[in-house]
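Here is the structure we will look at.
Readers should treat all values here as calculations from the given coordinates under stated rules, not as data from a laboratory. The shown structure was predicted, so the numbers you read here are calculated from the model rather than taken from an experiment. FYI the Cβ positions are ideal-geometry reconstructions off the backbone, even for glycines, and counts take in every protein chain you see.
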Amino acid sequence: MTLNIGVIGTGAIGREHIRRCSQVLQNARVVALNDINRANCEQVVNELGLKAEIYDNAHDLINSPEVQAILVTSWGPTHEEFVLAAIKAGKAVFCEKPLAVTAQGCMNIVEAEIAAGKKLVQVGFMRPYDSGYRALKTLIDSGEIGEPLMLHCAHRNPEVGDSYTTDMAITDTLIHELDVLRWLLQDDYKSAQVIYPRKTRKASSHLKDPQIVLLETVKGVRIDVEIFVNCEYGYDIQCQVVGESGVANLPEPMSIQTRSAAKLSTGILTDWKKRFIDAYDVELQDFINNVLSGNMTGPSAWDGYAAAVAADACVVAQNNGEIVPITMPARPAFYH
Ligand code: NAI
Ligand code: ISE
């Protein structure tokens, strides 16, 4: 069986997901596109030779009988509206992060999904599908390094545009760590604090970069995450877990080590699309398989909500410099 997919938002990641649904993954085809900038849809159709209908209105795409499942890859502030409309139409929806830009927006989606009585939402948190993070989780779960006590993490981008603001370091960038670390540790967050080191001269005048986020989990694990989005040298994701009896590092992405010209060297990736290319493939294939089998198992609307609750607290902490408590309500039985 082939799943007919409609995509809202044909920018950077939208195009990547359309390409993988059309050329890489099994049992799916893209039949409908929408973007507020119609030229973006036309460009994708031409580039990929797609046979897809272009809709001028996202809600018409969602409600089209031709479309069985939706991918939401438009700008973050539009996600809540489109995910709620997909749920109302009774259609499965894969929504890129963030699920909504506030915790309340995510809660609106959680409540709508529970009211629909059926899991329909998968959030585009791809890191739990990354083979490196999976290996790290398997090692932690094996008990080899004992109980985790501390995590030292980094999320570095070579550069960002002028429209990137200080709070986006949390809502756009740290949100990946807020999801994957919760999954890695099977724990929730208890508090957050944000501190600012000396600012890089490479950042726009309005942007505080780098930043360090200090998190504490309910089990007492202490986490520091460095966010540095103008680091220049590469796209570099680091995660070190210090346990009671050992230390484990997230593996480096596969790369060849060379010895030449009196140097030992290994390349560093520069583009998020390449760093997580396999994880994006696996997460979307999982979505397709789960929609077809009627059993959604990927990152849920509740996971989107949990990350957003923590993100909201981190944004408050960015502004007041204090240790901000993070309180998560009990997980509804629907998401157990
Ligand atoms: P982008 O700016 O390249 O593309 C967004 C597209 O959405 C644009 O073509 C824009 O015209 C369209 N759009 C905006 N509002 C719309 C509306 N109301 N209706 C229809 N189309 C609309 O942005 P990018 O980088 O592709 O990001 C899109 C989303 O994907 C964001 O939420 C971002 O956080 C997320 N993302 C996730 C990544 C991941 O690693 N999981 C990586 C990059 C982005
Ligand atoms: C971008 O939107 C992503 O989601 C990337 O995965 C992330 O590394 C980057 O910092 C974000 O801007």
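For the range 104-143, the percent of C-alpha pairs falling in each 10 Å distance bin, counted from 0 to the bin holding the largest distance, reads 24, 31, 24, 21.
Percent relative contact order of the range 185-336, based on C-alpha pairs within less than 8 angstrom and at least six residues apart? Contact order relative to length: 26 percent. The amide H of V7, built 1.01 Å from its N in the peptide plane, has A32, L33, N34, L71 as neighbours under 5 Å, considering only residues 5 or more places off or on other chains. Between K274 and N37, full extension at 0.36 nm per residue minus the direct alpha carbon distance yields a gain of 82.8 nm. Inverting the pair-averaged 1/r between distinct Cα atoms of the range 114-242 gives 16.0 Å as its Kirkwood hydrodynamic radius.
For the chain, what does -39500 (n - 2.57) per DSSP helix run (n ≥ 4), summed and divided by total residues, give at 222 nm, in deg cm²/dmol to the nearest 500?
On the way: 10 runs with 113 residues, N = 336.
Counting only the DSSP helices, I get -10500 deg cm²/dmol.
Comparing K118, K190, K263 in a Gaussian network model of the chain where C-alpha atoms under 10 Å apart are linked, the largest mean-square fluctuation is found at K263. Overall, the ratio between the Cα radius of gyration of the chain and 2.2 N^0.38 Å, rounded to two decimals, is 1.00.
Segment S205..T2, full-extension length gain: 68.2 nm, with 0.36 nm per residue of separation and the alpha-carbon distance subtracted. For the chain, averaging the sequence separation of C-alpha pairs within contact (under 8 Å, six or more residues apart) and dividing by the residue count gives a relative contact order of 20 percent.
Residue separation times 0.36 nm, minus the C-alpha to C-alpha distance between V316 and T138: what's the value?
Details: separation 178, 0.36 × 178 = 64.08 nm, distance 3.38 nm.
Full extension of this stretch gives 60.7 nm more.
Sorting W272, W183, W75 by the number of Cβ atoms found within 10 Å of their own Cβ, with the fewest placed first, yields W75, W183, W272.
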